[in-house]
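The structure appears below as structure tokens.
The values are calculated or read from the model by the stated rules, or taken from the named source; none is laboratory data. Source: prediction; values computed, not measured. Note that each Cβ is placed from the backbone with ideal geometry, even for glycine, and that neighbours are counted across all protein chains shown.
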Amino acid sequence: MPRSAHIIWLIAIAQFACTSIWFAGNAVVEGMQGSLGLPDNALGPVISSVQAGFIIGTLTFAFLTIADRFSPSKVFFVSALIGAAANVAIVFLAQGYVSLLLLRGLTGFMLAGIYPIGMKIASDYHRSGLGKALGFLVGALVLGKAFPHLLNSFTSSFSWETVLLTTSGFAVAGGLMILIWVPDGPYRKKSHQLDLTAIFRVFKNKGFRSAAFGYFGHMWELYAFWVFIPTIILAYRELHGIPGEATSFLAFGVIAVGGLACMLGGYLSAYMGSRKVAFVALFCSGLCCLISPLLFQLPAFWFYGALFFWGMMVVADSPQMSTLVAQSAPQDNIGSALTIVNCIGFAITIFSIQLINDLIGDVPIAYLFWLLVPGPIFGLIALWKKEIDEYRTRIND
């Protein structure tokens, strides 16, 4: 058995490998359009089907308290196998648009046993330093989501089928890593019976609500930004008449740099605290939303620099939000608490993604991302309110 110090690296690598199937579909939508007869606006529904599957999956996992009643490592492994199978089935079984959406939905369902379960495993190994640990973990998740864009950037070498086959292989390998080398953690507190009320009771805690609401505001912005990064880049190039074909590679870079920001935020949380790191990152990403029309007027160097900065800030708060959720949840329901917060957060992403997807063509791209501003504002208010409540408690004491 590896030492605890090595466990987080193993979980992070496994998360990277397994979550590569998350964005695999939308990274190759353009390549699949001819083969499967997809409509021009297929991108939004393809990613939303994954989100919808994830929502149903997390709701199921949370309602049945699966992460707290069964071995998280085994749940992770089984979910990785089935998710990989659903992802690769597109190559062999998909006959059109409907079958593609169903298979992407199944992939999303099984990701409910990977992303929040990975965080649950990490929390079972850490009494302190959880913010740093989840910084690495979510950083790996972000890199995993960016990976299909990197593969797709080599379109002359890799077909869309190869991208799906490769990411499925990664997912199987990640699941095996967890099963073989990451046993259940020493701080795991098992729930011995089915508790259908657990997902409702956790919201009675004021600290938990603050962290959860901050996370919900963050999620309104995050996935809509990630999904439409290629659209932003193409719109800028069209506006300025800039030729170029490296859109997928740039999209990979903008998403991937967020993984490094998560890791850096994890280190900073040891000195500043998770709440302050989350607040600063959410404020900066919200500011990027607010000034997004101005970014399109910048020279290319500054535009891409601003886009990379946005890519860092838009996700750097995520692991710290999850840390606050885990720390404020009952010890025997941490897995279910993380899962239900993920469930609601990803449900929110469907609305922001579809809103922007439906308005493309009717609203100039430069102004579309003003629609994301309410998310960071809501999240900042939730985090600030908790800070005020804690200050008042200290004064009263």
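How many residues are free of Cβ contacts under 8 Å to residues at least 24 places away in the same chain, over 21 Å from A300 (Cβ atoms) and among the hydrophobic types (A, V, I, L, M, F, W, C) if we restrict to region 226-274? Of the residues in that region, 2 qualify.
In region 309-357, which residues are closer than 23 Å to G57 by Cβ and not in a helix (DSSP H, G or I)? Selection gives A329, P330. Scanning region 358-370 for residues that are part of a helix (DSSP H, G or I), touching a residue at least 60 places away in the same chain (Cβ under 8 Å) and surrounded by fewer than 21 Cβ atoms within 10 Å (Cβ to Cβ) yields a count of 4. Residues considered: S274, S285, S269, S318. Of these, the only one that is more than 15 Å from the chain's Cα centre (by Cα), crowded, with 23+ Cβ neighbours inside 10 Å and within 30 Å of L234 (Cα to Cα) is S285.
Return yes when A281 is assigned to a helix (DSSP H, G or I), touching a helix residue (DSSP H, G or I) at 6+ places or on another chain (Cβ under 6 Å) and touching a residue at least 60 places away in the same chain (Cβ under 8 Å) and no when it is not.
no
Do you know which residues across region 241-278 are farther than 23 Å from S210 by Cβ and of a type in the set (A, V, I, L, M)? Those that are farther than 23 Å from S210 by Cβ and of a type in the set (A, V, I, L, M): I242, A246, L250, A251, V254, I255, A256, V257, L260, M263, L264.
In summary, S292 fulfils each of the numbered conditions (1) among the hydroxyl-bearing types (S, T, Y); (2) surrounded by 24 or more Cβ atoms within 10 Å (Cβ to Cβ); (3) touching a Phe, Trp or Tyr at 6+ places or on another chain (Cβ under 6 Å) with the single exception of condition (2).
Let's see how each residue does on (1) free of Cβ contacts under 8 Å to residues at least 24 places away in the same chain; (2) within 25 Å of V257 (Cβ to Cβ):
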{"site": "L106", "(1), (2)": "no, no"}
{"site": "D124", "(1), (2)": "no, no"}
{"site": "S128", "(1), (2)": "yes, no"}
{"site": "V138", "(1), (2)": "no, yes"}
{"site": "A146", "(1), (2)": "no, yes"}
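Scanning region 286-303 for residues that are assigned to a helix (DSSP H, G or I) and touching a Gly at 6+ places or on another chain (Cβ under 9 Å) yields a total of 2. You will find that of G37, G44, the residue that is within 18 Å of the chain's Cα centre (by Cα) and not β-branched (V, I, T) is G44 and no other. Regarding L194, is this residue out of contact with any strand residue (DSSP E or B) (no Cβ under 6 Å at 6 or more places or on another chain) and at pLDDT 90 or above? Taking the combined requirement at face value, the residue does not satisfy it. Scanning region 255-278 for residues that are small (G, A, S) and touching a helix residue (DSSP H, G or I) at 6+ places or on another chain (Cβ under 6 Å) turns up A256, G258, G259, A261, G265, G266, S269, A270, S274, A278.
Conditions tested, residue by residue: (1) part of a helix (DSSP H, G or I); (2) touching a strand residue (DSSP E or B) at 6+ places or on another chain (Cβ under 8 Å); (3) at pLDDT 85 or above.
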| site | (1), (2), (3) |
| --- | --- |
| G118 | yes, no, yes |
| I121 | yes, no, yes |
| R127 | no, no, no |
| L137 | yes, no, yes |
| P148 | yes, no, no |
| S156 | no, no, no |
| T162 | yes, no, yes |
| G169 | yes, no, yes |
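Those helices (runs of 4 or more DSSP H) of region 2-90 in which at least 1 residues are at pLDDT 90 or above, surrounded by fewer than 22 Cβ atoms within 10 Å (Cβ to Cβ) and touching a helix residue (DSSP H, G or I) at 6+ places or on another chain (Cβ under 9 Å), considering only elements entirely within it, cover 4-19, 43-63.
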